[in-house]
Amino acid sequence: SGVGDRDEEDKVVTPECFDQTDNDRDGLTDFGEDDGCSSASDASELGSCQTVYTPPRVYANEPIAIDTSRGIFHSEGSCGGVGSPELVVMYRVEEEMDSFSIDTFLDGTVIPTSIYIRRDLCLAPEAEIACEREFATTPRPGQKVTVKKPKLGDYFIFIDGVAGVGGAVTLEVTSVPLADCRNGKDDDEDGYLD
């Protein structure tokens, strides 16, 4: 580890997501607390967005208000977003579900949007699994994008503008759980599953 090291044996390297240190200085430490860690063996707390984005985690049925004009001009989806500033939020699917949706047709949304979703790899355009774009002339901005039968993992939701415009957007993620008769649980507590 240096000229003063008394032996040449390799030192144990503890992954950043298990070293009890806030390596990315976001106030959160290691796997289980820092959303940048996908497991305790993850080598970096930055996550797949690295230093480009710092996406806040969103939770189902908890609306969040953002202003895309405070975003950056870095990414675009297959359906649009070029030339407009974007912000990213992260939604984590931790159990099987039928679907989840991102809804911006809410009070507080004043601009039309391009919404594209990437699974697990924030900065990889090839990780895109959905993309929907509103028209710039939409009289009442808002849309709903649904991901059916999502796999477990992190979903990076890009809220991008249309025609170079950024502004206020309120979004909410809603999820549809698996039906009681196929969720692997004894919902009626009669001793039988599904």
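The values are calculated or read from the model by the stated rules, or taken from the named source; none is laboratory data. Quantities reported herein were computed from a predicted structural model and do not represent experimental measurements. Here Cβ is always computed from backbone atoms with ideal geometry, including for glycine, and neighbour counts include all displayed protein chains. Ligands, DNA and RNA are excluded from the accessible area calculation, which covers all protein heavy atoms including side chains. Shrake-Rupley method; radii C 1.70, N 1.55, O 1.52, S 1.80 Å.
Quick notes on this one:
- When each of 107, 98, 103, 120 is tested for being open to solvent by 50 Å² or more (accessible area, probe 1.4 Å) and farther than 21 Å from residue 37 by Cβ, the lone residue that passes is 107.
- Any hit, segment 46-66, residues being of a type in the set (Asp, Glu) and open to solvent by less than 50 Å² (accessible area, probe 1.4 Å): no
- Filter result for residue 42 (open to solvent by less than 40 Å² (accessible area, probe 1.4 Å), of a type in the set (D, E, K, R), in contact with a Pro (Cβ under 8 Å, 6 or more places away or on another chain) and farther than 30 Å from residue 109 by Cα): yes
- Restricting segment 175-194 to residues that are open to solvent by less than 90 Å² (accessible area, probe 1.4 Å) and of a type in the set (A, V, I, L, M, F, W, C), the residue that is nearest to residue 61 (Cα to Cα): 176
- Output for segment 1-37, where each listed residue is open to solvent by 70 Å² or more (accessible area, probe 1.4 Å) and in contact with a Lys or Arg (Cβ under 8 Å, 6 or more places away or on another chain): 1
- In segment 125-170, residue modelled with the lowest pLDDT [restricted to those that are within 10 Å of residue 112 (Cβ to Cβ) and of a type in the set (Gly, Ala, Ser)]: 163
- Within segment 136-162, the residues that satisfy the criterion of being open to solvent by 80 Å² or more (accessible area, probe 1.4 Å) and of a type outside the set (Lys, Arg) are 137, 139, 152.
- Annotation note: of 98, 35, 67, 10, the sole residue that is charged (D, E, K, R) and farther than 24 Å from residue 116 by Cβ is 10.
- When residue 92 is tested against the conditions (1) open to solvent by 60 Å² or more (accessible area, probe 1.4 Å); (2) closer than 22 Å to residue 54 by Cβ; (3) out of contact with any Ser or Thr (no Cβ under 8 Å at 6 or more places or on another chain); (4) not aliphatic (A, V, I, L, M), the lone failure is (1).
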